[in-house]
Amino acid sequence: MHVPGNRYKNQPTSFNPNYELIEVLGKGGMGYVYKALDKKLNREVALKVLNTNSDADSVKRFYFEAQAMKELDHQNIVHVFDFGQEKKQLFIAMTYVKGESLASVLHHKKEMAFSDIELIAKQVARGLLYAHNKGVIHRDIKPSNIMITHDNRVYIMDFGISYIQEMEKERLTITGMTMGTPEYMSPEQCHGDEVGVASDVYSLGVILFEMSCGRLPFTGAKPIEIAIKHVQNTPPNPKDFRPDIPVELSNLILKCLRKNPKERYQNMEDLLDALDNVFKTNVFSKSPSRKMKILDSFSKSKESHPLLKQVICQKLSILALLLTPILIFLLLMLTLHYKPKSVLQPIKDLKLRASYETKNLEGDSPKGYPVQNLMDFDLSTAWVFETPINRKNPILSVELKNKTLITHFGMAIGYQKQKEDTFEDRFMIFNKPKSIILKTKEGVRQKLVFENIKGMQYPPIQAIETEELFIYLEDAYENQASKNFAVSEIRLLGLSLK
Ligand SMILES: Nc1ncnc2c1ncn2[C@@H]1O[C@H](COP(=O)(O)OP(=O)(O)O)[C@@H](O)[C@H]1O
Ligand SMILES: [Mg+2]
């Protein structure tokens, strides 16, 4: 089923006719972000899928905001190519940025070089200035919404969509997904007031604090504690955590963090001027690390003595010569066997159980029609079962070895190969499920509707994260009420979240 070199065509992972899902890039408060192939334009995009239960008004608002995002065209803003709705899921297709989020840079590096802070802060401020001039406030400036590429380009993502998150708060709490914490929220936002340009200024101030000091100005065990501190507490002095911080930068950060929006920089232009001044008057902006790549400095090594370097280099080149054939062999093996961890693939580490008796119906199936047939990837075998009397019981249960993210659920239904022959397809026709209900151990449920066709089909689903899944028969295509049902394959695609 997996043909090397032709991954996109052979992985049945379409989201809709226009997009094929390739891998999971990350998970946010409202769903998953996938790397996807835009089939029309044959390019890779990041596809953000928002699981919503939104009413018509909210969907209208989403379209309005997404249209505004689509119109933003700036070198420091991720471009929105397309947006829409697929069943209950709203989606946004945008530039796929190859790089690291500022969140992961901060996670690895803690406090950053001042020259890197300058590079990042100025680009974020320029992107925000452009958006503000178009009347768009970001509302959710935080390190995971800032991407940095290997050539030091900074992109801001997720303009103006934080309101959908607010709308969905209630539902998300029910499904157990985590809400974003208010670490970067302005006091007015924590209050639930209308936010303007100055709120984005505040959030960028929090990020500047974190990049400089390696910690946040306000922390707490619960979101509410952090929110109260944003509203009430005076921020600590950055110098207490970063003794070498220039006083001008420290003052700039504290001005961004003023409680009263009117006391902050009034727009991004003022903040950019202030950043210019800070970095002009300080020597670090001309330090050699200015030319370093932000992402490369992850693994910045110390300079060694030149003579020592020469000796080491000589020894290394001899070693390299000796090791080359082994390295080539290892590389070849690695390429052949390499499967990136997050690429969507068939999930095989599972136990299938049937609640109903399996039947041995025909003489041509000496082993009967056991439920294991569903996992043999052989469409000529089937699992045959009687019409369930009580549809309140699951017809099948799937026990997964690890917590797993299921992104696709496929089934082949209603047919069983009658006779092995090369030239003709002779099938017995059985009854088949028309709709099923998937329910996780945790109680999250969704309905899947199948078409009345032969072969594998993957109705769209919302990604499910679970260790155990129950499958209920809801509605059926019944040829004869007395007949049995047949399912010849079940395929789960996704990834193990070990
Ligand atoms: N356009 C993109 N290109 C590359 N990676 C992305 C893109 N958008 C989002 N991601 C990744 O997906 C993760 C989850 O994004 P998101 O759902 O917006 O949640 P959050 O912003 O709260 O982390 C991000 O942290 C980032 O690593
Ligand atoms: Mg985001």
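Could you list, in sequence order, all residues of region 62-84 that are of a type in the set (A, V, I, L, M) and over 17 Å from L50 (Cα atoms)?
Taking region 62-84 and keeping what is of a type in the set (A, V, I, L, M), we get 66, 68-69, 72, 77-78, 80.
Within region 62-84, A68, L72, I77, V78 meet the criteria.
Any chance region 424-446 includes a residue that's touching a Ser or Thr at 6+ places or on another chain (Cβ under 7 Å), closer than 25 Å to K87 by Cα and either among the hydroxyl-bearing types (S, T, Y) or at pLDDT 90 or above (or both)?
The answer is yes, given that some residue of region 424-446 is touching a Ser or Thr at 6+ places or on another chain (Cβ under 7 Å), closer than 25 Å to K87 by Cα and either among the hydroxyl-bearing types (S, T, Y) or at pLDDT 90 or above (or both).
Could you please find all residues in region 19-53 being surrounded by fewer than 19 Cβ atoms within 10 Å (Cβ to Cβ), away from ligand 2 (no atom under 16 Å from the Cβ) and not hydrophobic (A, V, I, L, M, F, W, C)?
Of everything in region 19-53, those that are surrounded by fewer than 19 Cβ atoms within 10 Å (Cβ to Cβ), away from ligand 2 (no atom under 16 Å from the Cβ) and not hydrophobic (A, V, I, L, M, F, W, C) turn out to be E23, D38, K39, K40, N42, R43, E44, N53.
Do you know which residues across region 22-64 are among the basic types (K, R) and outside any helix (DSSP H, G or I)?
First, the residues of region 22-64 that are among the basic types (K, R): 27, 35, 39-40, 43, 48, 60-61.
Of everything in region 22-64, those that are among the basic types (K, R) and outside any helix (DSSP H, G or I) turn out to be K27, K35, K39, K40, R43, K48.
Out of E183, E225, E263, E194, which single residue is charged (D, E, K, R), surrounded by 16 or more Cβ atoms within 10 Å (Cβ to Cβ) and assigned by TED's automatic domain parsing to the domain that holds V136? Let's see the steps before the verdict.
Working: E225 fails: surrounded by 16 or more Cβ atoms within 10 Å (Cβ to Cβ); E263 fails: surrounded by 16 or more Cβ atoms within 10 Å (Cβ to Cβ); E194 fails: surrounded by 16 or more Cβ atoms within 10 Å (Cβ to Cβ).
Only one candidate passes the filter, namely E183.
Looking only at region 256-294, which residues are β-branched (V, I, T) and at pLDDT below 85? Show your work before the answer.
Applying the first criterion (β-branched (V, I, T)) to region 256-294 yields 278, 281, 283, 294.
Residues satisfying the conditions are T281, V283, I294.
For region 47-73, what are the residues that are within 11 Å of ligand 1 (Cβ to nearest atom) and touching a Leu at 6+ places or on another chain (Cβ under 6 Å)?
Answer for region 47-73, where residues must be within 11 Å of ligand 1 (Cβ to nearest atom) and touching a Leu at 6+ places or on another chain (Cβ under 6 Å): just L50.
One residue is enough: does region 65-83 have a residue meeting the conditions in the same structural domain as C256 (by TED's automatic domain parsing), closer than 22 Å to V24 by Cβ and outside any helix (DSSP H, G or I)?
So in region 65-83, the residues in the same structural domain as C256 (by TED's automatic domain parsing) come out as none.
Looking through region 65-83, none of the residues is in the same structural domain as C256 (by TED's automatic domain parsing), closer than 22 Å to V24 by Cβ and outside any helix (DSSP H, G or I).
Of all residues in region 92-118 being away from ligand 2 (no atom under 14 Å from the Cβ) and hydrophobic (A, V, I, L, M, F, W, C), which is nearest to K35 (Cα to Cα)?
A93
The values are calculated or read from the model by the stated rules, or taken from the named source; none is laboratory data. Keep in mind that this is a model prediction, so the values were computed, not measured. Positions of Cβ are generated from backbone atoms using ideal geometry, with glycine treated the same way; all protein chains shown enter the neighbour counts.
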